[in-house]
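Q: The structure's right below; bear with me while I get my questions together.
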Amino acid sequence: MTDLTLRADEEISAVIEPLKHLPGALLPILHALQDRFGHVPKEAVPVVAKALNLSRAEVHGTISYYHHFRDEPAGRHVVQLCRAEACQAVGADALWAHAEGCKGEFTLEPVYCLGQCAIGPSMLIDEEIHAKVTPAKFDQLTAALRGAK
């Protein structure tokens, strides 16, 4: 085991330790890992499984089931586009197709309802909500973020 791997395991264990005794500890641990690392590292799966006496498959299945968790680091900015029916009815599909070109610096994620149904399509950029988003507005918002490096 390399020093880097040992340090990663120690960091992962430090996140898990205070939470592992909670009822239903798996989700709080996964949230804490993602908050700490920006994603749930693959190396964390066996450590979490052992700490909670779960199989690796159960841990991996939970990570892959919930859209919120990612197993790779996100881009510099996270763009979440609403894909629910109300937003689809006012152009979310076209907006999604347009936004797919922003991958790299931006991580594009689908979400299902941001609670802005009357003013869709809506999206979150780094936890800031935007409504009535058109492809042109999307380009303005992302260009502003690129300029604010």
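Q: For residue 14 and residue 88 in one chain, what is 0.36 nm times their gap in residues minus the Cα-Cα distance, to one decimal in nm?
A: Full extension from residue 14 to residue 88 adds 22.4 nm.
Q: Sort by residue number and report every cysteine in the chain with no other cysteine beta carbon within a distance under 4.7 Å.
A: 102, 113, 117
Q: What does the net charge come to around residue 60 if you take all other residues with beta carbon closer than 11 Å to its beta carbon, with K and R at +1 and D and E at -1?
A: Summing Lys/Arg as +1 and Asp/Glu as -1 gives 0.
Q: Considering only protein heavy atoms and a 1.4 Å probe, what is the carbon-and-sulfur percentage of the accessible area of the chain?
A: Carbon and sulfur together cover 56 percent of it.
Q: With unit charges on the beta carbons (Lys and Arg positive, Asp and Glu negative) and the dipole taken about the Cα centre of the chain, which residue among 138, 15, 82 sits farthest to the positive side?
A: Going by the charge dipole, the pick is 138.
Q: Something else: Where both residues lie in the chain, what percent of DSSP beta bridges are antiparallel, nearest 5?
A: 45
Q: On average, how much accessible surface per residue is there in the chain, in Å², for a 1.4 Å probe, leaving out ligands, DNA and RNA?
A: In whole numbers, the chain has 58 Å² accessible per residue.
Q: Further question: Which FRET efficiency, nearest 0.05, do residue 100 and residue 144 yield, Cβ-Cβ r, R0 25 Å?
A: Efficiency for this residue pair is about 0.80.
Q: Going toward the positive end of the dipole of the stretch 28-146, with +1 on Lys and Arg Cβ and -1 on Asp and Glu Cβ, which of 69, 123, 46 do you reach last?
A: 46
Q: For residue 114, what accessible surface area do you get with a 1.4 Å probe? Give it in Å², rounded to 10.
A: Surface accessible to solvent at residue 114 totals approximately 40 Å².
Q: Give me the base-10 log of I(q)/I(0) for the chain at each q in 0.19 Å⁻¹, Debye formula, one uniform scatterer per Cα, rounded to two decimals.
A: -1.04
Q: What is the magnitude of the charge dipole of the stretch 1-143 about its Cα centre, with +1 placed on the Cβ of each Lys and Arg, -1 on the Cβ of each Asp and Glu, and no other charges, expressed in debye to the nearest 20?
A: The dipole magnitude comes to about 220 debye.
Q: Moving on. Rounded to the nearest 500, what is the chain's calculated 222 nm mean residue ellipticity when only DSSP H runs of at least 4 contribute -39500 (n - 2.57) each, over all residues?
A: After summing the helix terms and dividing by the residues of the chain, the value is -14000 deg cm²/dmol.
Q: What FRET efficiency, computed as 1/(1 + (r/R0)^6) with R0 = 30 Å and r the Cβ-Cβ distance, is obtained for residue 78 and residue 53, rounded to the nearest 0.05?
A: Plugging the Cβ-Cβ distance into 1/(1 + (r/R0)^6) gives 0.40.
Q: Name all residues of the stretch 76-119 having a backbone nitrogen under 14 Å from the label point set 7 Å from the Cα of residue 136 along its Cα→Cβ direction, giving them as ranges.
A: Under cut-off, by backbone N: nothing.
Q: Using Cα positions and a limit of under 23 Å, work out the lysines in reach of residue 50, with same-chain residues fewer than 8 apart set aside.
A: Excluding near neighbours in sequence, the set is 20, 42.
Q: Write out the trypsin sites (Lys or Arg not before Pro) in the stretch 96-142 meeting two conditions: DSSP loop, and at most 13 other Cβ atoms within 10 Å of their Cβ.
A: Within the stretch 96-142, the qualifying trypsin sites (Lys or Arg not before Pro) (loop, at most 13 other Cβ atoms within 10 Å) are 132.
Q: Starting from one equal scatterer on each C-alpha and no solvent at all, send me the Debye-based log10 I(q)/I(0) for the stretch 53-141 at q = 0.13 Å⁻¹, two decimals.
A: Here log10 of I(q) over I(0) equals -0.45.
The values are calculated or read from the model by the stated rules, or taken from the named source; none is laboratory data. None of the values given here were measured: they were computed from a predicted structure. In this analysis, Cβ positions are derived from the backbone assuming ideal geometry, glycine residues included, and neighbour counts consider all displayed protein chains. Each accessible area value is taken on the protein alone, full model and side chains, heavy atoms only, with ligands, DNA and RNA left out. Shrake-Rupley method; radii C 1.70, N 1.55, O 1.52, S 1.80 Å.
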